[in-house]
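> So that we are looking at the same thing, I have put the structure below in C-alpha cells.
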Amino acid sequence: MKPAALLLLAVVVLTHYLAPAAELIGVNPRFAFYVARSIEGMALFWLLAQGRRGVFLVACMLGFALELMVAVCGAFFWISDLAPQPWEQLCDTSTGVPISSITLVAVVLVAGIITGKTSWQKSGRL
C-alpha cells in the first residue's frame, strides 16, 4: 500500500504545486492545472479499481478512461489555436468529433449495466 500512497502523494504535489509553476516554462498554469487534475483523477480511479470486480470495476475503468481523455484533449488544446465555443468540450474542439456525446452514451450504458445488475441481484436472477 505504501507505493500507492506515494503515487497519490506525488500526483497531488504535481497538481497543486508544480502546475501553477508551469508559467515559468511558458505554459498557461490554468491548462497545466487542468491536465494535472485529470492525471490526479486517473490515479484515484486506478487506486479505487485495485482488487475490484464487476460493476464497480467497470465504473472505475470508465472514470479512468474519461480522465485520460480530458488530459489528452487538454494537452492538445495547449498546442492548438482553437477556442471552444460556449458549452463546447475541449475534446470536441480539438478533434472535430462530438466525443462528449459519445462518452455521454458510454456513461448512460454503464449506468444501465450497474442498475440492471443490481436489479438482477435483488430479483435472484443472478
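The values are calculated or read from the model by the stated rules, or taken from the named source; none is laboratory data. The shown structure was predicted, so the numbers you read here are calculated from the model rather than taken from an experiment. Using ideal geometry, Cβ is built from the backbone for each residue, glycine included, and neighbour counts are taken over all protein chains shown.
> Would you check if V27 is over 30 Å from A111 (Cβ atoms) and either touching a Leu at 6+ places or on another chain (Cβ under 7 Å) or outside any helix (DSSP H, G or I) (or both)?
Yes, satisfied.
> Residues of the range 19-57 being more than 14 Å from the chain's Cα centre (by Cα) and closer than 30 Å to G112 by Cβ, which ones?
Q50, G51, R52, R53, G54, V55, F56, L57
> Which members of the range 17-64 meet the condition of being in contact (Cβ under 8 Å) with a residue 40 or more places away in the chain and within 23 Å of I102 (Cα to Cα)?
Scanning the range 17-64 gives Y34, V35, G54, V55, V58, A59, L62.
> Could you pull out the residue among G54, G26, G41 that is surrounded by 14 or more Cβ atoms within 10 Å (Cβ to Cβ) and not aliphatic (A, V, I, L, M)?
Result: G41 is the single residue among G54, G26, G41 that is surrounded by 14 or more Cβ atoms within 10 Å (Cβ to Cβ) and not aliphatic (A, V, I, L, M).
> Residue check, W120 against (1) at pLDDT below 75; (2) closer than 17 Å to V55 by Cα; (3) touching a helix residue (DSSP H, G or I) at 6+ places or on another chain (Cβ under 6 Å), all met but one. Which one?
(3)
> Right, another one. Looking only at the range 59-106, which residues are closer than 19 Å to R30 by Cβ, modelled with pLDDT of 75 or more and in a loop (DSSP other than H, G, I, E, B)?
Result: Q89, single match.
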